[in-house]
Amino acid sequence: MFTPVHRLWLGFLLLLALAGGLQAQILAPTAVVSTAQVRAELLWHAPEGVAPGKPLYAGLWLKHQPEWHTYWLNAGDSGLATQLDWTLPAGLSAGKVAWPLPHKIAVGNLTNYGYEGSTLLVTPVTVGSDFKAGAGPLSLQLKAQWLVCRQECIPQEGTFQLTLSPHTSHAASAALFEDVLRQQPQTLTGARHTASAAGHAMQVKVSGLPKALQGQQLAVFPTQSDLLEASAERHPQAQQAWEGEVWTAVLPVSSMRVSQPAQFGLMLVQDQGAVRSAWLAEVAVQGAWAEPSPVTPPAMVPTPPAAAAADLGFGAALLGALLGGLILNLMPCVLPVLAIKVLSFTRHDANPWVHRMAGLTYSLGVVASTLLLGAVVMGLRAAGDQLGWGFQLQSPWVVSGLCILFTLIALNLWDVFSVQLVLPARLLSWESRHPAVDALFSGVLTVAIATPCTAPFMGASIGLAIGLPAWQGLLIFAMLGLGLALPVLLISWFPALSNRLPRPGPWMNTLRHALAFPMLATVIWLLWVLGQQTDMHAVAALLGVLLLLSGLLWALTLHPRGRLLLGTLFGAILVWALTQTLPLLTQASDPTPSVTSPSAERWQAWSEARVKAALAAGQPVFVDFTAAWCVTCQVNKRTTLANADLLADFDSRRVLLLRADWTRQDPVITRALSALGRSGVPVYVLYSPNRPARVLSELISVSEVRQAMQDLPPTPR
């Protein structure tokens with residue numbers, strides 16, 4: 001069994017791993033960030049150096065691979081605008097992004113606004129009168145986040161850094177900057193632009209445009225999302241006309257409209273080959289807004305979280321969290337640790353009070369950890385971060401740390417090393433006098449490794465908790481922790497239950513050695529998760545680190561001379577291996593699989609655009625929200641979702657099968673989960689045209705999915 005000090009050490013390491021999950025992906029600052037879809041580079045334009053009153057511009061240059069695109073200020077029917085967060089020296093301040101003129105990108109029946117090929121997002125920088133240029137260079141930093149899409153969408157980010165001399169002209173990219181600045185739309189002033197309701201559309205009138213445009217068709221780009229249909233030109237109600245010098249248009253209202261602003265912005269673009277000109281008009285709304293257009297594809301969200309909360313009920317959510325935590329003990333990622341803890345009660349000669357204190361402090365560790373995790377998730381979600389249950393396992397750093405941790409557990413269970421080799425005697429003696437600390441950190445360990453799993457009743461409760469007031473949400477997390485701790489608490493508190501456990505004997509040492517195998521099986525699974533998040537180079541490098549770490553621990557058990565020689569050798573090589581491995585953990589994997597299996601051909605990558613396009617065409621959609629680190633997801637994927645009869649049913653009803661991979665942090669998927677009232681995976685949703693979406697249970701069965709599809713008529717292919 002684990003020594004008490006060992007569990008104290010492991011609990012501390014797990015707390016560090018949890019803390020590491022709160023941080024964003026660590027990216028080394030550089031001027032260029034390249035992925036399989038986009039090459040992003042930080043550029044500067046300071047033709048007269050950096051000084052007050054002199055022109056200064058910063059830009060993020062994006063070069064897209066063929067068929068891939070990123071998004072404009074208003075992404076259109078789907079997508080997200082690129083976000084730029086500047087860190088500049090004192091005296092410099094960044095203005096608003098000067099967006100290049102976008103293009104309309106058709107994705108099925110949807111229209112997006114964005115950029116293909118290459119584009120430069122320009123930010124004007126103001127040099128204040130208090131700016132003082134020293135002799136040294138200026139350090140300029142940018143953190144950028146962009147969503148790159150083809151049919152599937154991939155959120156990406158980069159941290160950029162560039163140094164430049166304030167006394168030197170920087171104009172190598174002048175042509176790129178000047179082209180974007182030349183494209184900026186002219187604001188129409190001195191004339192009134194109006195919009196009024198006309199059926200399910202807005203009748204818009206814009207004055208003050210150049211006379212040379214009269215009679216021409218203009219491309220329309222609303223500057224605000226979810227107000228007007230992005231694909232307005234293809235809408236049956238849409239039309240343009242000229243009434244003398246006044247441009248008029250009928251623009252259908254978006255089905256996603258939830259606000260009624262008193263005015264909105266329209267950018268009108270004239271395309272003449274390579275030359276494009278644009279004008280910006282602030283349109284005042286006269287009277288009430290038109291109702292949304294009924295011909296838009298049906299909304300994908302079944303009910304808002306608030307409505308889901310009302311349907312579920314707070315009491316039901318508490319009960320669901322308690323049952324979910326109780327069932328969570330049976331999940332494959334929790335059961336081994338639970339067995340270790342329960343076997344600690346086989347000492348029948350111990351004082352019952354000692355057992356009860358151990359059970360109480362273990363429960364305290366579990367409940368406190370779930371409360372801490374809940375508070376972190378709720379706090380970061382309130383601050384705008386898109387996180388959910390199991391969020392820390394979206395970080396390759398945390399996954400790698402857990403690989404090392406479970407390897408250490410296995411080596412200790414095999415007696416390759418003991419914790420006495422790495423901890424001072426004073427700490428050992430202190431901990432032996434405080435056994436309650438052992439149980440407390442055993443509870444922390446249990447929660448840390450339970451986060452990849454989701455149990456029945458648990459998903460709806462946690463999804464509801466995040467949208468409730470803080471005290472109600474935390475109470476749901478506390479009930480989840482109580483359910484997880486309940487088996488150990490009951491066994492420790494009632495002697496009749498603990499007396500049914502077998503008596504200590506040689507079998508315990510055999511079991512201790514046997515429990516190392518599930519620990520190493522966990523390492524294999526975590527390495528597979530790491531491979532999904534990065535690539536096989538990172539997996540091979542981490543395997544080398546685990547080998548060297550094992551060698552170092554073995555060397556520490558040798559006689560002094562061998563310990564010094566081999567320990568130094570293994571330690572030095574281990575440090576070098578770590579320096580080579582850490583950079584590999586920041587590299588995103590290529591989402592395109594090298595080998596396509598029949599299952600991969602059947603399941604396509606999820607995106608909101610694909611769901612909307614399928615529903616608009618009358619095709620039902622089944623979505624599997626999953627993650628490589630989610631054990632429950634993998635079990636369902638290889639059992640229920642691989643069932644041949646069920647797949648045949650999907651085919652007979654022409655159901656589009658989509659898979660939303662949440663292995664790495666993905667704000668788009670997180671928002672979709674939140675809209676469904678969920679905060680973690682697995683989540684399974686069946687979308688039907690003109691009907692509310694149906695969310696299935698976490699442990700789905702073939703019969704449950706078939707029951708959900710009963711109302712879908714068989715459709716010949």
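For the condition in a helix (DSSP H, G or I), at pLDDT 80 or above and surrounded by 15 or more Cβ atoms within 10 Å (Cβ to Cβ), Ala478 qualifies. Taking the condition of being surrounded by 19 or more Cβ atoms within 10 Å (Cβ to Cβ) and among the small types (Gly, Ala, Ser), how many residues in the range 612-659 meet it? So the count comes out to 4. Restricting attention to the range 116-151, the residues that are in a loop (DSSP other than H, G, I, E, B) and surrounded by 19 or more Cβ atoms within 10 Å (Cβ to Cβ) total 0.
Evaluation of Ala94 against the conditions (1) free of Cβ contacts under 8 Å to residues at least 40 places away in the same chain; (2) touching a Phe, Trp or Tyr at 6+ places or on another chain (Cβ under 6 Å); (3) closer than 25 Å to Ser255 by Cβ shows that the sole unmet condition is (3).
When restricted to residues that are open to solvent by 30 Å² or more (accessible area, probe 1.4 Å) and without any contact (Cβ under 8 Å) to a residue 12 or more places away in the chain, the range 518-568 contains 13.
Within the span defined as the range 389-396, one or more residues are within 15 Å of the chain's Cα centre (by Cα), assigned to a helix (DSSP H, G or I) and modelled with pLDDT of 80 or more.
One line per residue, one yes/no per condition, for (1) more than 21 Å from Gly76 (Cβ to Cβ); (2) in contact (Cβ under 8 Å) with a residue 40 or more places away in the chain; (3) in a helix (DSSP H, G or I); (4) open to solvent by 70 Å² or more (accessible area, probe 1.4 Å):
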residue	(1), (2), (3), (4)
Pro166	yes, yes, no, no
Phe177	yes, yes, yes, no
Val180	no, yes, yes, no
Gly190	yes, no, no, yes
Gln203	yes, yes, no, no
Val220	no, yes, no, no
Pro252	no, yes, no, no
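For the subset of the range 42-84 comprising residues that are in a strand (DSSP E or B) and of a type in the set (Ser, Thr, Tyr), which member is most open to solvent (accessible area, probe 1.4 Å)? Selected residue: Tyr57.
Just a yes or no: is a residue in the range 660-678 in contact with a helix residue (DSSP H, G or I) (Cβ under 8 Å, 6 or more places away or on another chain), crowded, with 20+ Cβ neighbours inside 10 Å and more than 29 Å from Trp146 (Cα to Cα)? No, the range 660-678 contains no residue that is in contact with a helix residue (DSSP H, G or I) (Cβ under 8 Å, 6 or more places away or on another chain), crowded, with 20+ Cβ neighbours inside 10 Å and more than 29 Å from Trp146 (Cα to Cα).
The values are calculated or read from the model by the stated rules, or taken from the named source; none is laboratory data. On a predicted model such as this, the values are computed, not experimentally measured, just so you know. For neighbour counting, all protein chains shown are included, and Cβ atoms are generated from backbone atoms with ideal geometry for every residue, glycine included. We work out accessible area using only protein heavy atoms, side chains counted, and drop any ligands, DNA or RNA first. Shrake-Rupley method; radii C 1.70, N 1.55, O 1.52, S 1.80 Å.
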